[in-house]
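**Student:** This structure is in structure tokens; I'll ask about it shortly.
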Amino acid sequence: MNENQISPFSDSLRKSQNIKKYRLKNEKFCKQLIQEYDQHFKEKKNTDFEIITANNLKILTHKSILRSRSPFFNAFLKEKNESQLFFPEFEYQVVYDIIRYIYSSKLYYQPNKLHLYWFVASKFQLYLAAESIKQHFFDVDINPDNVLDFFFMNKIIQPKKMEQKTIEFIAENLGKIKNNKQIAELSQEEILGIIKYRKDNDSQKGNVLVEFINNWAISKTANFDNQDFRKKFFIKLTNNLLNQIPYQYFDIRQDVDLQKLEFQPKHLLLQTKLTQYEKSLQKLEKRNIENEEKTQIQITEIKKSFMENQIKEKEEHRRIKKQRDDRITELANSVAKLQKESKHYKKKAVKMKRELQHFKTNTNQLSETLKTEKSKKIVNEVQNTVFSRSQIILIKEHVKKLKEWINDDYFFSKIKLGFSAKMNGFNSKAFHQYCDNKEKSLVIIKTKDGYIFGGFTQTGFVSGKDEYLSDSAAFLFSLKNPKGDPPQKFPIKKENYFKAVFYSSSWGPVFGDCDLILYSDFKPGTFNFGKIYSLPSGIYENSDEAKNYFAGSNSWKVKDLEVYFN
């Protein structure tokens, strides 16, 4: 064979080594994966599936891990996309330990509940776990506490195997097992096996066996209460015992063929029980008689008390009736007195009504006189000024303030009323017809609520395209406002002089960027006061106070509008 030629043996050896490395690597990977699964189960993070056991206790799990590790969960979750699975018949700890086995491949269990662990493992189709539990089960030492668990587990896993051994152990430890609630699960054939073993091996009288069988029969009697001694219950118990195991009470030493059941029951313990129940029933009847006597005495006392209360109620009723009659008489006398007095006051009221009417007439006349005099006085205040024809500027103080704010004596000596909405029309067309291309225009507005405000511009309203007009001397003013502030001037902000007035042939007068605006037909717009012109102290732009400063709201209406120019 050449040196370069590879022998079949060396090739097989190499393959074997590769397989071994692969297995070691795969085992290491699986071990690491199992550790990660176990860590996920302990931390309970990102869980998406709940297993609900007895008493509604929950176990939080992961669908992906359950499906990959259990054929049962793989089939269940593949068929149904559920987030919960209910096992109310299983104890929490048993299910928890089996689920942990799915994650970690480590089996934790309680020795006295191995048959339950085997059942849950089989339910989840974890056959390796079930087989391991089975092997562990037969390594456990039998004792009075776990013998019944052992017996039932043996019946489930390997019928007939060790059955005789467990029956013998139960028979030998009846004194310790007789009060175990699980004895109700024993069949009648298994009870027969226990009786036969005791018969063959017991030299005692069998009292423990009799008590054991009695407890078994009682546990088979539904709704039986050992403390309830009513006749119907011990009759029911009697029938139950006789029907289920008619051979249960007999002398254990008697030579009896249990298979043929050829013997007569003696019912020794049953007779004792019935005697106890009869005595208890007699005591109960005696107690009932005593209670009836006590009840009769109580009824007599109650009747006597009732009669006494009736007498007291009748006396109280008479007293209340007398009080009521006296009160009625008293009220009738008061009414008669008031009726007599009311006639007098009625005459007096007629006289006072006449005097009040006369006073109202005199007051109205006086009020009219005062109004006339005040009107004459107001007219006289502005009669000799440029506002003598005005229906808005009626007091001298307003004239003084406007003259002070405009500060142009020549303008005041030449101005005249150029436009009046009352005379010329409440619309933008009339406004532009009379007011366009006039220099130094003074606009005064009065609302139906009596508020007076307006604006002044040296540029005026120059006709042309819709655009802003510059004016550094323009200002807005308020002579009477909702807040009750004194007359105030609001100059244009220096940086906004180029937006003093906005000309639009479709609108009425517009100052600033809608700081003051009237649309067509003089419908008021929402004021944007403070955008171009300065605001009163303490009021901020875009606030409700700024928008409502001049007229009080956005729903105000124009009563009159006047424009003065040269």
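**Student:** Report the dimensions of the stretch 435-550 along its three principal axes from the alpha-carbon atoms, largest first, rounded to Å.
**Tutor:** Rounded to whole Å, the extents work out to 38, 32, 22 Å.
**Student:** Of Lys422/Lys489; Lys321/Lys346; Lys322/Lys343; Lys322/Lys348; Lys400/Lys429, which pairs sit farther than 30 Å apart, going by alpha carbon to alpha carbon?
**Tutor:** Lys321/Lys346; Lys322/Lys343; Lys322/Lys348; Lys400/Lys429
**Student:** Here's a follow-up. Compare Phe550, Phe72 by solvent-accessible area with a 1.4 Å probe and give them largest first, with all protein chains kept in place.
**Tutor:** I get Phe72, Phe550, largest accessible area first.
**Student:** In nm, to one decimal, how far is the modelled label at Val335 from the one at Val462, with both set 7 Å along Cα→Cβ?
**Tutor:** 9.0 nm
**Student:** Would you please give the FRET efficiency between Thr526 and Ser505, computed as 1/(1 + (r/R0)^6) with r the Cβ-Cβ distance and R0 = 25 Å, to the nearest 0.05?
**Tutor:** Between Thr526 and Ser505 the formula returns 0.75.
**Student:** While we're looking at this one, here's another question. Could you pull out the GluC sites (Glu not before Pro) across the stretch 475-549 that fall in loop regions by DSSP (anything but H, G, I, E, B) with no more than 12 other Cβ atoms inside 10 Å?
**Tutor:** Glu541
**Student:** For Val510, list long-range residues whose amide hydrogen, built 1.01 Å from N in the peptide plane, is under 5 Å from its own amide hydrogen.
**Tutor:** Excluding prolines and chain starts, which carry no amide H, the hits are Phe502.
**Student:** Further question on the same structure: Past 23 Å, Cα to Cα: identify those pairs from Lys493/Lys547; Lys360/Lys396; Lys483/Lys531; Lys416/Lys465; Lys31/Lys134, in the order given.
**Tutor:** Pairs exceeding 23 Å: Lys360/Lys396; Lys416/Lys465; Lys31/Lys134.
**Student:** What are the ³J(HN,Hα) values, in whole Hz, obtained from phi via the Karplus relation 6.51 cos²θ - 1.76 cosθ + 1.60 with θ = phi - 60°, for each residue of the stretch 548-556 in sequence order, with x given for Gly and Pro?
**Tutor:** Computed from phi, the couplings for the stretch 548-556 are 9, 5, 6, 10, x, 6, 8, 9, 6 Hz.
**Student:** Taking the stretch 31-131, which trypsin sites (Lys or Arg not before Pro) meet the DSSP loop condition and have no more than 16 other C-beta atoms within 10 Å?
**Tutor:** Answer by residue number: Lys44, Lys45, Lys80, Lys106.
**Student:** Whole number in Å², please: accessible area per residue of the stretch 404-511, 1.4 Å probe, ligands, DNA and RNA not counted.
**Tutor:** Per-residue value: 48 Å².
**Student:** For the stretch 62-76, just list the computed ³J(HN,Hα) in residue order, Karplus coefficients 6.51, -1.76 and 1.60, θ = phi - 60°, integers in Hz, with x standing in for Gly and Pro.
**Tutor:** Working through the residues one at a time gives 10, 4, 4, 6, 4, 5, 6, 10, 9, x, 4, 5, 4, 5, 5 Hz.
**Student:** If Val462, Val558 are ordered by their accessible area, calculated over protein heavy atoms with a 1.4 Å probe, which sequence runs from highest to lowest?
**Tutor:** Ranked list, largest accessible area first: Val462, Val558.
**Student:** Whenever you get a sec, compute what percent of the accessible area on the stretch 388-449 sits on carbon and sulfur atoms (1.4 Å probe).
**Tutor:** Carbon and sulfur: 42 percent of the exposed surface of the stretch 388-449.
**Student:** Kindly sort Val208, Val443 by accessible area of their heavy atoms, largest first, with the probe set to 1.4 Å.
**Tutor:** Val208, Val443
**Student:** Given a 1.4 Å probe and every protein chain left where it sits, what share in percent of the accessible area of the stretch 467-566 is carbon and sulfur?
**Tutor:** That share works out to 46 percent.
**Student:** I've got another one for you. Quick check: net charge around Val462, other residues with Cβ under 15 Å of its Cβ, Lys/Arg +1 and Asp/Glu -1?
**Tutor:** The answer is -1.
The values are calculated or read from the model by the stated rules, or taken from the named source; none is laboratory data. The structure displayed is predicted, hence computed values, not measured ones. Quick reminder, even Gly has a Cβ in these numbers, built from the backbone with ideal geometry, and neighbours come from all protein chains shown. Areas reflect the complete protein model, heavy atoms only, side chains present, ligands, DNA and RNA absent. Shrake-Rupley method; radii C 1.70, N 1.55, O 1.52, S 1.80 Å.
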